[in-house]
Amino acid sequence: MPTRTQIFQVSTLYGAATLAAALDAGQFGPAADSRRILLVSNNAAVPETALRMEDMRGYDVIAARFDSVVDWNEAISPHHPSGWGPRADDSVLWQRAFRRAWGIGPDERVELAVESIQVNPAGALAAIFSDSALHVYADGLMSYGPTRNKLPVSVGCRIRRVLHLDLVPGLKPLLLTEFDVQAELVPDSAFRKILAELSEAADGDRALAAAEAAAPTAILLGQYLAALDILTAEEEEDLHIRMLRGAARAGHTSVLFKPHPTAPARYSQALERAAAASGVRLTTLDSPLLAETLYERCAPALVVGCFSTAMFTAAAYYGIPVASVGARLVLDRIVPYENSNRIPLTIVDHLVPDLDQRGEEGVGTLPPTAPDTLSPLVRTVGYCMQAALHRPLRPDAEAWLRERLDATTQHYFKRRRLQTLTLPGGGPRGAAVRLRRTVRRTRSTLGL
């Protein structure tokens, strides 16, 4: 008989695949010891019009690993998953209601595996099941950066670990280290097995079959940054065209474009015109499947994106060369400085060749392990993003800025940010404040 219930909250198929790999690797204990609930959340701005995870190719393969599936949107209707959380006085009532609705005994132990603990729905679940142990899993590059917001100690002390994929071998996550939470890798072999299963589940998809027949040697990944107000629609359209032209310059004559599910149709139309002008055969595939399925089925020689996690999956799990277009522009645009996308962009800018700047030379495989320069850079940027959460990182950040900040690294930082934190590179005002603080500390030490 199961001795506990484990609730796994997911909002993306990629995240669900990460959890499935962890389950297969035994990282949540034997299946016989637990009843496992897959809690599916659709966090799109308008969930009713967005693609449902249940409609993604391979979803059934993932869901079969769980004892039951619950729709979080239905459970809290009419509230939105990203905006709703229980009032403090109501948490006990909500827990009682969900235990009854989901068949969990009143005294049965519950564990939670959640994504993005800083926001809802993970925050709401942590508040409702206030005595439950928490496992945080990362389905992308953001785990290498700091926690987005300061968490209550009552939540942070319950987090047991951060499960993550080895997308950048050798780089350790900064997420939740303020609570001394340890990172734990999901085995590469287990995740690759899940990706193979998802690829097999896509058999029968006519659009995928047509894409395979086109034998694309390069895949372009759309992200729809206009939806986040980072780029205008015209700028993002131009970004995709630059990806295509860069692939053409690198010698690719058959290219596949995988648009973001929420991207407008006119993006593909603009690409078609650019492809015709470049003499490239373009295939656009908007089937509901992961980009990784295309790596399995099409075996491309190049993957181009802006800062998509799928670029690193291509490099880490398939050994496919990758290139980036527009990462520097987006890095300059994102606000506020604490924006969690800053770390993924920093990693891409530092590691992935820019196809615009380097042309054919910009195509190549990533190093098998992160270079020694990456971790100090990420930790320095992470400190600047969340200095209050990571005070022990300040000495290293100061040293890095003194030694490495120059014209080639300035774009990772904002002068005003460095000024506010009185760090090297912040200009005369920052230097003056640092001097005054040093004088005060010295006077205090000497008793003056």
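The values are calculated or read from the model by the stated rules, or taken from the named source; none is laboratory data. Every value quoted in this text rests on a predicted model; they were computed, and no experiment measured them. Note: ideal-geometry Cβ built from the backbone for every residue, glycine included; neighbour counts use all protein chains shown.
Evaluation of Ala122 against the conditions (1) farther than 25 Å from Ala17 by Cβ; (2) under 21 Å from the mean Cα position of the chain (by Cα); (3) crowded, with 20+ Cβ neighbours inside 10 Å shows that the sole unmet condition is (1).
Whenever a residue of the stretch 234-249 is under 9 Å from Gly326 (Cβ atoms), its partners that are of a type in the set (S, T, N, Q), lying with C-beta atoms within less than 9 angstrom and at least six residues away or across chains, give the pairs Glu236/Gln223; Leu239/Gln223. Among all positions in the stretch 106-114, there is no residue which is assigned to a loop (DSSP other than H, G, I, E, B) and crowded, with 16+ Cβ neighbours inside 10 Å. With (1) within 30 Å of Val46 (Cβ to Cβ); (2) assigned to a helix (DSSP H, G or I); (3) touching a residue at least 24 places away in the same chain (Cβ under 8 Å) as the list, and Phe257 as the residue in question, which single condition is left unmet? Phe257 satisfies all of (1) within 30 Å of Val46 (Cβ to Cβ); (2) assigned to a helix (DSSP H, G or I); (3) touching a residue at least 24 places away in the same chain (Cβ under 8 Å) except (2).
Scanning the stretch 74-105 for residues that are in a loop (DSSP other than H, G, I, E, B) and either small (Gly, Ala, Ser) or within 27 Å of the chain's Cα centre (by Cα) (or both) gives Ser77, His79, His80, Pro81, Ser82, Gly83, Trp84, Gly85, Pro86, Gly103, Gly105.
Listed by position, the helices (runs of 4 or more DSSP H) inside the stretch 290-389 whose residues that are modelled with pLDDT of 95 or more number at least 2 are 291-298, 309-318, 327-333, 342-351, 374-385.
Each row is one residue, and each column tells you yes or no for (1) surrounded by fewer than 19 Cβ atoms within 10 Å (Cβ to Cβ); (2) within 23 Å of Ile104 (Cβ to Cβ); (3) modelled with pLDDT of 95 or more.
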residue	(1), (2), (3)
Leu39	no, yes, yes
Asn43	no, no, no
Ala64	yes, yes, yes
His80	yes, no, yes
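Residue pairs whose Cβ atoms lie under 6 Å apart, separated by 6 or more positions or on different chains, with the first residue in the stretch 32-47 and under 15 Å from Phe8 (Cα atoms) and the second among the polar types (S, T, N, Q), are Ser34/Gln6; Arg35/Thr5; Arg36/Gln6; Ile37/Ser68; Leu39/Gln9; Ser41/Ser11; Asn42/Asn73. Selection over the stretch 50-71 of residues that are in a helix (DSSP H, G or I) and of a type outside the set (Phe, Trp, Tyr) gives a count of 7. Being of a type in the set (Val, Ile, Thr), touching a residue at least 60 places away in the same chain (Cβ under 8 Å) and not assigned by TED's automatic domain parsing to the domain that holds Ser308, is that true of even one residue in the stretch 178-190? Checked against the condition, which is being of a type in the set (Val, Ile, Thr), touching a residue at least 60 places away in the same chain (Cβ under 8 Å) and not assigned by TED's automatic domain parsing to the domain that holds Ser308, the stretch 178-190 yields at least one hit. Just one of the listed residues (Ala276, Ala209) is loosely packed, with under 15 Cβ neighbours inside 10 Å, out of contact with any helix residue (DSSP H, G or I) (no Cβ under 6 Å at 6 or more places or on another chain), under 27 Å from Asp60 (Cβ atoms) and of a type in the set (A, V, I, L, M, F, W, C), namely Ala209. Screening Leu176, Leu220, Leu198 for residues that are buried (at least 21 other Cβ atoms within 10 Å of the Cβ), among the hydrophobic types (A, V, I, L, M, F, W, C) and under 25 Å from Gln386 (Cβ atoms) leaves exactly one candidate, Leu176.
When Lys414 is tested against (1) among the charged types (D, E, K, R); (2) surrounded by fewer than 17 Cβ atoms within 10 Å (Cβ to Cβ); (3) within 18 Å of Arg328 (Cα to Cα), exactly one condition is not met: (2). Can you tell me which residue within the stretch 125-160, out of those that are hydroxyl-bearing (Ser, Thr, Tyr) and outside any helix (DSSP H, G or I), is surrounded by the fewest Cβ atoms within 10 Å (Cβ to Cβ)? Taking the candidates together, the pick is Ser130.
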